[in-house]
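The values are calculated or read from the model by the stated rules, or taken from the named source; none is laboratory data. These figures come from a predicted structure and were not determined experimentally. Methodologically, a virtual Cβ is constructed for each residue, glycine included, from the backbone with ideal geometry; neighbour enumeration extends over all protein chains shown.
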Amino acid sequence: MDRTIIYPGAIPLETDLLNTNRNTFTALGSLAQDLFGTSTVFSGLNCVPTALASMSVSIAPGRVYALQNRDNTAYSSLPADTAHQLMKQGILLDAQTFSCPAPQTSGFSVNYLISANFVEQDVSPIVLPYYNATNPAQAFSGPPANGNSSGAAQNTVRQNTVQLTLTPGVAAATGNQMTPSAPAGATPLWVITVAYGQTSITAANIAAAPNSPFAPTGGYFAAVGERYSGIQNVAGNSILTTAALGALVNVTATGTTQTLPPAANCPNGTSITIVYMQSSGSVSVVHNGNDILVFGQGNSTNSLTLNPGEEVQFVSNGVNSWVSAGQTLSTGVTAAQFDNSSKLATTSFVQQALGAVSGENQYNSSQILTAANDANKLIVIGSTGGNITLPARSTVVPGTKLYFMSQGGTSTLFTQGSDALWLDTTTVPNLPFGLGDYFEVTAASNSNVWMVTSGTPLLGKCSGFASSQLGIGYQKLPSGMIIQWGSGATNSSGTFTTSLPITFPNGWFTGYSSCQQAGSFTTTVSNLVTTTISVIGYSSSNGVPAVGLYVTWLALGR
């Protein structure tokens, strides 16, 4: 900061004092620029209802900091200086009151806008005493003119202040009213909304104008220090302003949305902390305009949900984004479907990744399934059935599962394009299913193969259900029971003997036989061991062995 030097015995000049003022003013303006930057910033100027209920609001004392020319006009005998700019401070020392009457039409509302701007003007004119340099005993009133008193008053203060303006909007049906524009050169600060029939303005009618550039509550030093600049309780949807920088924003109402200020309005490194401490519900934190939020595993998104007990601190980069510097979250960011990176996993991601059913989709008509909507879910087919087409195999990763259950309708499962459907060791063109069927389909490692990996369609393919469904065959059951059958003609002694299709590994229970020819014949199982069966056929009337008698047999064992 420059300082004027005055010497003992020297005649003081008015420029000595003027330069002292200008130098001090320049130094303070430069300091303000280091603190605030070059954007216009307002401090204080809080808008509240009047102490006595009325249709008026009160604007508290405050300040404005704005980049201005050093002096637009001559400062007494110092010339104007428009070549240099600095941050100037305008001060409003006393509160101002503005009337905001309600509209006169039923069902209508109106928005009032209070805006502010920096104003510099020369004020406090006084007729100053002067002396006659040629005759010091003679006094002049006002600057001398032609050797005589002029009596002219001169401004004695170069005043910097805040000029407030109330702009009424056009009344319209409630919800459709528009906020008016601020006058040229002014900055919107507050919006007051009043409705027809309203008799007093409350805090609920007052909201900060979007992007209003308020300084942090408590000041910038508190905003960047090791403590919060203050606690701001928010009970509804809110568009936060720069007044929230450094503060702890305590959201007290569920289902609300808190919009961060534009990052460009917030110096690089300043932060806002938002906490939700209610017992239930949630709140959303969203960006402003084209800004982005960066948080949790490097994700960039448009919003963040806070659940009970959760807190997040966002730090501005001063340009276009807010970066999470710390989160106490009971919920995290779920990675993209099929992500196999080293990111931390949420329980939601683990549920789908481990194959647990992540949800249920019900369809009552033909449907083409998709990976996004149906992967790892239970697909329930209603009573009307329909054709169900699997997602294209190329849209999912190996191991992706879909689960199917029918509630009664006859349905058929198909694949898309060149995809194949494997049932056991064979490819099938489709898979019919109906009431009582339940099965799982898994994406194979082959890029175009789906496999039926469990469920009722595979029961007949299991070793416990192994069978040979021919004229001479068998059927195994999971209990260990084996049913075998066959047929043949008796020999010359009236006996038919044959090997069983498979051996009874643990013995036999019983055998049955019958005759399929016309006439009166009787058949009897004469011998049954683990590997063979013998059937005797004879005439029912005389007991004579029947030669060439066609008999059938059934054997039970284990």
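Which of the residues belonging to region 73-116 are among the hydrophobic types (A, V, I, L, M, F, W, C) and part of a loop (DSSP other than H, G, I, E, B)?
Initial filter on region 73-116 (among the hydrophobic types (A, V, I, L, M, F, W, C)): 74, 78, 80, 83, 86-87, 91-93, 95, 98, 100, 102, 108, 110, 113-114, 116.
Residues satisfying the conditions are Ala74, Ala80, Leu93, Ala95, Cys100, Ala102.
Would you pick out the residues in region 229-271 that are within 23 Å of Pro308 (Cβ to Cβ) and among the hydrophobic types (A, V, I, L, M, F, W, C)?
If the condition is that a residue be within 23 Å of Pro308 (Cβ to Cβ) and among the hydrophobic types (A, V, I, L, M, F, W, C), then Ile231, Val234, Ala235, Leu240, Ala244, Ala247, Leu248, Val249, Val251, Ala253, Leu260 are the ones that fit.
Taking into account only those residues within region 509-522 that are farther than 13 Å from Gly486 by Cβ and out of contact with any Lys or Arg (no Cβ under 8 Å at 6 or more places or on another chain), which is modelled with the lowest pLDDT?
It comes out as Ala518.
Let me spell it out: the conditions are (1) under 22 Å from Val48 (Cβ atoms); (2) surrounded by 15 or more Cβ atoms within 10 Å (Cβ to Cβ); (3) touching a Ser or Thr at 6+ places or on another chain (Cβ under 8 Å), and Ala171 meets all of them except one. Which number is the exception?
The number of the failed condition is (1).
Please work out if Gly507 is in contact (Cβ under 8 Å) with a residue 12 or more places away in the chain, crowded, with 16+ Cβ neighbours inside 10 Å and of a type outside the set (Lys, Arg).
no
Are there any pairs, at least 6 apart or on different chains, whose C-beta atoms fall under 6 Å, with the first in region 188-212 and assigned by TED's automatic domain parsing to the domain that holds Gly107 and the second surrounded by fewer than 21 Cβ atoms within 10 Å (Cβ to Cβ) and among the aromatic types (Phe, Trp, Tyr), and if so, which?
Tyr196/Phe108
Give just the number: which of (1) small (Gly, Ala, Ser); (2) in contact with a Gly (Cβ under 6 Å, 6 or more places away or on another chain); (3) modelled with pLDDT under 95 does Gly62 not satisfy?
Evaluating Gly62 over (1) small (Gly, Ala, Ser); (2) in contact with a Gly (Cβ under 6 Å, 6 or more places away or on another chain); (3) modelled with pLDDT under 95 leaves (3) as the failure.
Would you point out which residue out of Leu554, Leu470, Leu500 is of a type in the set (A, V, I, L, M) and in contact (Cβ under 8 Å) with a residue 60 or more places away in the chain?
Leu554
Within region 236-280, considering only strands (runs of 3 or more DSSP E) that don't extend past its boundaries, which have at least 1 residues that are surrounded by fewer than 17 Cβ atoms within 10 Å (Cβ to Cβ), within 19 Å of the chain's Cα centre (by Cα) and in contact (Cβ under 8 Å) with a residue 24 or more places away in the chain?
On the way: elements: 248-251, 257-259, 271-276.
Strands (runs of 3 or more DSSP E) meeting the threshold: 257-259.
Go through region 77-112 and give me each residue that's modelled with pLDDT of 95 or more and small (Gly, Ala, Ser).
Once the filter is applied, which keeps residues that are modelled with pLDDT of 95 or more and small (Gly, Ala, Ser), region 77-112 yields Ala80, Ala83, Gly90, Ala95, Ser99, Ala102, Ser106, Gly107, Ser109.
Let me spell it out: the conditions are (1) within 40 Å of the chain's Cα centre (by Cα); (2) closer than 28 Å to Ile59 by Cα, and Ser106 meets all of them except one. Which number is the exception?
Result: Ser106 fails condition (2) only.
Assuming Thr453 fulfils every condition listed in (1) under 17 Å from Ala371 (Cα atoms); (2) assigned to a strand (DSSP E or B) apart from one, which condition is it?
Status for Thr453: all satisfied but (1).
Being modelled with pLDDT under 70 and of a type in the set (Gly, Ala, Ser) is the filter; apply it to region 306-340 and report the residue that is nearest to Tyr276 (Cα to Cα).
Ser330
Since Pro210 meets every condition but one in (1) within 26 Å of the chain's Cα centre (by Cα); (2) surrounded by fewer than 18 Cβ atoms within 10 Å (Cβ to Cβ); (3) over 18 Å from Ser39 (Cα atoms), which condition does it not meet?
(3)
Sort out which residues of region 143-179 are aliphatic (A, V, I, L, M), within 40 Å of the chain's Cα centre (by Cα) and either in a loop (DSSP other than H, G, I, E, B) or not assigned by TED's automatic domain parsing to the domain that holds Val119 (or both), and write them in order of number.
Within region 143-179, Val170, Ala171, Met178 meet the criteria.
Looking at (1) assigned to a strand (DSSP E or B); (2) touching a helix residue (DSSP H, G or I) at 6+ places or on another chain (Cβ under 6 Å), find the lone condition where Gly511 falls short.
The one condition Gly511 does not meet is (2).
Would you point out which residue out of Ala182, Ala139 is in contact (Cβ under 8 Å) with a residue 12 or more places away in the chain, of a type in the set (Gly, Ala, Ser) and assigned by TED's automatic domain parsing to the domain that holds Thr73?
Ala182
It is to be established whether one or more residues within region 236-259 are out of contact with any strand residue (DSSP E or B) (no Cβ under 8 Å at 6 or more places or on another chain) and not assigned by TED's automatic domain parsing to the domain that holds Leu304.
No, region 236-259 contains no residue that is out of contact with any strand residue (DSSP E or B) (no Cβ under 8 Å at 6 or more places or on another chain) and not assigned by TED's automatic domain parsing to the domain that holds Leu304.
Can you tell me which residues in region 14-37 are in a loop (DSSP other than H, G, I, E, B) and modelled with pLDDT of 90 or more?
none
From (1) assigned to a loop (DSSP other than H, G, I, E, B); (2) among the small types (Gly, Ala, Ser); (3) in contact (Cβ under 8 Å) with a residue 12 or more places away in the chain, pick out the condition that doesn't hold for Ala518.
Among (1) assigned to a loop (DSSP other than H, G, I, E, B); (2) among the small types (Gly, Ala, Ser); (3) in contact (Cβ under 8 Å) with a residue 12 or more places away in the chain, the lone unmet condition for Ala518 is (3).
Does any residue in region 113-125 that is surrounded by fewer than 16 Cβ atoms within 10 Å (Cβ to Cβ) and modelled with pLDDT of 95 or more come within less than 6 Å, Cβ to Cβ, of a residue that is assigned to a strand (DSSP E or B) and among the aromatic types (Phe, Trp, Tyr) six or more places away or on a different chain, and which pairs are these?
none
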